[in-house]
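Worksheet for the structure shown next.
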């Protein structure tokens with residue numbers, strides 16, 4: 001299984017990460033200004049800008065700078081921040097920890113609940129549980145996350161002041177300091193991301209319930225509970241795995257909008273700050289982490305689908 005499923009995907013994974021960094025590097029180069037002009041401001045003299053650009057290594061051509069960064073990155077050295085003059089690893093690592101904690105809450109609570117709701121909607125097709133769950137899912141798919149976040153702030157921070165509207169802790173805050181402010185960001189992510197999982201799980205359950213082996217199992221007198229747990233859920237979750245993987249990668253890569261609205265010190269907020277200051281080493285490391293999360297999540301989804309589906313494990317025997 002290792003040679004057949006993992007090794008062929010490693011080349012595509014490396015190509016995906018490399019292409020992501022190339023595209024992001026090119027996009028930042030296309031923006032007006034650079035780190036030197038952002039640090040010194042608009043009133044800086046051309047001589048001061050030129051001196052700072054030379055100190056930061058920005059006087060080299062874009063190709064030379066990218067090749068230099070790539071060579072150091074392959075050794076684990078992702079460079080120094082152009083703004084703070086500190087290694088980018090610890091700062092990005094701290095932001096990744098904060099985003100991962102927020103993503104973990106969303107995955108454990110929101111995604112688990114989404115799978116259950118999708119299962120219930122599929123089992124009660126065209127009845128009131130299905131109508132209610134499907135309506136909520138459609139609302140979640142239709143409403144952008146920034147609107148959902150704003151509505152939650154209006155409801156639970158202003159109208160009924162239960163939760164804080166924004167995270168007041170700084171970039172160096174600990175998890176214990178962030179925990180009281182995580183409720184609204186987590187709810188925003190759960191409502192938006194889980195909606196797609198609910199819809200996919202519902203569709204999969206309906207398709208499985210119409211298959212011949214389910215009808216045969218019913219004729220044999222298998223109980224509904226055993227039928228659902230042993231046959232329906234494993235088969236229905238297979239098409240949902242890729243949707244789960246995409247949402248997990250989206251969360252780990254940094255949810256820019258939600259983190260910005262709630263002032264959450266994660267990968268998304270750091271990305272926005274870095275783009276504004278043209279801090280290219282920080283941006284590229286965040287890009288690598290996001291691409292790596294996407295690749296790993298999709299690889300795990302493919303492996304899980306292979307383990308759950310015997311026809312994928314033994315393709316020759318399925319002919």
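Each value in this text was obtained by applying a stated rule to the coordinates, not by laboratory testing. Values in this document were obtained by computation on a predicted structure and should not be read as measured data. Note that each Cβ is placed from the backbone with ideal geometry, even for glycine, and that neighbours are counted across all protein chains shown.
If the elastic network links every pair of Cα atoms under 10 Å, which of 181, 157, 100 fluctuates the most in the Gaussian network model of the chain?
157
Would you mind checking the tilt of helix 128-142 against the longest principal axis of the Cα atoms of the chain, expressed as 0 to 90 degrees and rounded to 10?
20
Mind checking the angle between helix 112-123 and the chain's longest principal axis? C-alpha axes, 0 to 90 degrees, to the nearest 10.
The angle comes out at about 30 degrees.
For the chain, take the longest principal axis of its alpha carbons; what is the angle in degrees between that and the long axis of helix 241-252, to the nearest 10 within 0 to 90?
Here the helix axis deviates by roughly 30 degrees.
Take each of the peptides 133-141, 57-65, 286-294, average the number of other beta-carbon atoms within 10 Å over its residues, and list them starting from the highest. Mind dumping the intermediate values first?
Numbers: 133-141: 16.9, 57-65: 13.3, 286-294: 20.9.
In decreasing order of mean packing, 133-141, 57-65, 286-294 become 286-294, 133-141, 57-65.
Normalising by the residue count of the range 120-194, find the relative contact order in percent from Cα pairs under 8 Å and 6+ residues apart. Each step should come with its number before you reach the end.
On the way: 50 pairs, mean separation 24.9, N = 75.
Normalised by residue count, the contact order of the range 120-194 is 33 percent.
Among 152, 19, 285, which one shows the highest mean-square fluctuation when the chain is modelled as a Gaussian network with alpha-carbon springs under 10 Å?
19
Using only Cα atoms, locate the centre of the range 84-119 and the centre of the range 180-219, then give the distance between them in Å, rounded to an integer.
Using only Cα atoms, the two centres lie 21 Å from each other.
Applying a 10 Å radius around every beta-carbon, put 83-92, 104-113, 9-18, 183-192 in order of their mean neighbour count, most first. Let's see the in-between values first.
Working: 83-92: 15.8, 104-113: 17.4, 9-18: 13.5, 183-192: 22.9.
In descending order of packing, they fall as 183-192, 104-113, 83-92, 9-18.
Step by step: find N for the chain, compute 2.2 N^0.38 Å, then divide the Cα radius of gyration by it. What's the final number? Before the final figure, lay out the partial values.
On the way: Rg = 23.8 Å, N = 319, 2.2 N^0.38 = 19.7 Å.
Output field value: 1.21.
Could you list 142, 131, 269 so that the one with the fewest beta carbons within 10 Å of its beta carbon is first and the one with the most is last? Could the numbers behind the result be given before it?
Values: 142 10, 131 13, 269 24.
Listed from fewest to most nearby Cβ atoms, that is 142, 131, 269.
Where is the GNM fluctuation largest for the chain (alpha-carbon springs, 10 angstrom cutoff): 306, 211, 203?
211
Equivalent-ellipsoid semi-axes (√(5λ), Cα gyration tensor) for the range 91-276, whole Å, largest first?
Working: eigenvalues 273, 60, 33 Å².
The answer is 37, 17, 13 Å, longest axis first.
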